[in-house]
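Heads up, the thing below is written out as structure tokens.
The values are calculated or read from the model by the stated rules, or taken from the named source; none is laboratory data. Just so you know, these numbers come straight off a predicted model, no measurement behind them. Cβ sites come from the backbone with ideal geometry, for glycine too, and all protein chains shown count toward neighbours. Side chains are part of the model used for accessible areas, which takes the heavy atoms of the whole protein and leaves out ligands, DNA and RNA. Shrake-Rupley method; radii C 1.70, N 1.55, O 1.52, S 1.80 Å.
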Amino acid sequence: NLGCIASKYGINHQTIMIIIDRLLPNFTQSELINIFSFSYEFTNLNIRRDEKEELKRLATICTFPIKENSDTILFKVNVLFQSYISNFKIKNMSLAADLIYVGKISGRYFLSLFQISLNKHW
């Protein structure tokens, strides 16, 4: 059944396994965003030197606290996702391109997470 969910939403099977391993029925929004940051789809993202200051600036205005170190991909994905849902303005063009990538994956990811939750009767 998990393979069907991965296929239907275009999510990597390793990401589905991360969801299964980490998801609990009483997670907060912040914890769900944190799980999203671990997605296998983001392994090809890099933190470029010119993005660090912009990421730190965005992190200060994000709604949910970010626990990760600012030099990690988890931090970048968390900041970009919160920036995407909050419609923050991004000045750095490479960061803006990554924002679009994170935004496109987020819809499919959270639909698959919803489907998994329904299958678990949560």
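If you take the residues in segment 86-122 that are among the hydrophobic types (A, V, I, L, M, F, W, C) and free of Cβ contacts under 8 Å to residues at least 12 places away in the same chain, which one is surrounded by the most Cβ atoms within 10 Å (Cβ to Cβ)?
Per the criteria, the residue is 96.
So which residues in segment 8-27 are under 19 Å from residue 103 (Cβ atoms) and not in a helix (DSSP H, G or I)?
Filtering segment 8-27 for residues under 19 Å from residue 103 (Cβ atoms) gives 9-12, 15, 19.
Selection gives 10, 11, 12.
What's the total number of residues in segment 19-31 that are open to solvent by 40 Å² or more (accessible area, probe 1.4 Å) and more than 18 Å from residue 121 (Cβ to Cβ)?
Result for segment 19-31: 5.
Taking the criterion of being free of Cβ contacts under 8 Å to residues at least 60 places away in the same chain, of a type in the set (D, E, K, R) and in contact with a Lys or Arg (Cβ under 9 Å, 6 or more places away or on another chain), would at least one residue in segment 32-50 satisfy it?
So far as segment 32-50 goes, no, none of its residues is free of Cβ contacts under 8 Å to residues at least 60 places away in the same chain, of a type in the set (D, E, K, R) and in contact with a Lys or Arg (Cβ under 9 Å, 6 or more places away or on another chain).
If you take the residues of segment 67-122 that are of a type in the set (D, E, K, R) and within 17 Å of residue 56 (Cα to Cα), which of them is nearest to the chain's Cα centre (by Cα)?
76
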